[in-house]
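K.L.:
Pasting a structure here, questions to come.
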Amino acid sequence: FAKTAPVLPQDPIEKGFSWEATLAGPETPMLGKMSVTSKYTYEGEEQRDNKTLDKFSVATTVALAPVAGGQGGFSLGEQSSSGTLYFDAEAGYFVDSAISQKMVMKMEAQNVSIEINTTTTSKVTPGK
């Protein structure tokens, strides 16, 4: 279910170009079917660590669809997500990313809210 980098469009893109990708997770009796939609936007080139990299912004949205006859009881409240990814066209891969996400899950039967805050960073350093 986890995906570390987006699939880039095959055709050339310009600054401001956006596209979406959706991943569906496994269906569970408690949560139902979860999906994550990510919207990527090309922000142009940026100099980082003495290299010209392609910068992308990303925002994700999580959706839950309850399972008929499942235990259920969870719903999503407030959520927000933003991040930045850097692509090294010369090397052919993403070299750096940072994504922050906030999500509030509500357990209806217990009248409980759970706030989840995550920040994920990754940096690729080629071996020598």
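K.L.:
Taking Ser75 as the residue in question, decide whether it is within 22 Å of Thr28 (Cα to Cα) and open to solvent by 70 Å² or more (accessible area, probe 1.4 Å).
P.N.:
no
K.L.:
Hey, another quick one. Only one of (1) more than 18 Å from the chain's Cα centre (by Cα); (2) without any contact (Cβ under 8 Å) to a residue 40 or more places away in the chain; (3) within 24 Å of Thr118 (Cα to Cα) is not met by Ser82, so which one is it?
P.N.:
So Ser82 meets the others, but not (1).
K.L.:
Just to check your reading of the model, which residue among Glu14, Glu90, Glu27, Glu45 is modelled with pLDDT under 90, surrounded by fewer than 16 Cβ atoms within 10 Å (Cβ to Cβ) and acidic (Asp, Glu)?
P.N.:
Within the list Glu14, Glu90, Glu27, Glu45, the selection yields Glu27.
K.L.:
In segment 84-109, what residues are closer than 15 Å to Leu31 by Cβ and not small (Gly, Ala, Ser)?
P.N.:
Answer for segment 84-109, where residues must be closer than 15 Å to Leu31 by Cβ and not small (Gly, Ala, Ser): Met103, Val104, Met105, Lys106, Met107, Glu108.
K.L.:
Still on this model: Given Val104, Val95, which one is under 30 Å from Gly127 (Cα atoms), in contact with an Asp or Glu (Cβ under 8 Å, 6 or more places away or on another chain), assigned to a strand (DSSP E or B) and at pLDDT below 95?
P.N.:
None of the other options fit; the residue is Val95.
K.L.:
Scanning for something among the charged types (D, E, K, R) and more than 22 Å from Ser122 (Cβ to Cβ), does segment 44-67 turn up at least one residue?
P.N.:
No, there is no match, as no residue in segment 44-67 is among the charged types (D, E, K, R) and more than 22 Å from Ser122 (Cβ to Cβ).
K.L.:
Would you mind finding the one in Ser81, Ser57 that is outside any loop (DSSP other than H, G, I, E, B), of a type in the set (Gly, Ala, Ser) and within 22 Å of Ala24 (Cβ to Cβ)?
P.N.:
Only one candidate passes the filter, namely Ser81.
K.L.:
Can you spot a residue in segment 97-105 that is over 14 Å from the mean Cα position of the chain (by Cα) and open to solvent by 50 Å² or more (accessible area, probe 1.4 Å)?
P.N.:
No, there is no match, as no residue in segment 97-105 is over 14 Å from the mean Cα position of the chain (by Cα) and open to solvent by 50 Å² or more (accessible area, probe 1.4 Å).
K.L.:
Shifting gears a bit: Among the residues of segment 4-39, which ones are within 23 Å of Thr121 (Cβ to Cβ) and in contact (Cβ under 8 Å) with a residue 40 or more places away in the chain?
P.N.:
Residues satisfying the conditions are Thr4, Ala5, Pro6, Leu8.
The values are calculated or read from the model by the stated rules, or taken from the named source; none is laboratory data. Note that this is a predicted model, so its numbers are computed, not measured. FYI the Cβ positions are ideal-geometry reconstructions off the backbone, even for glycines, and counts take in every protein chain you see. The accessibility values were calculated without ligands, DNA or RNA, using every heavy atom of the protein model including side chains. Shrake-Rupley method; radii C 1.70, N 1.55, O 1.52, S 1.80 Å.
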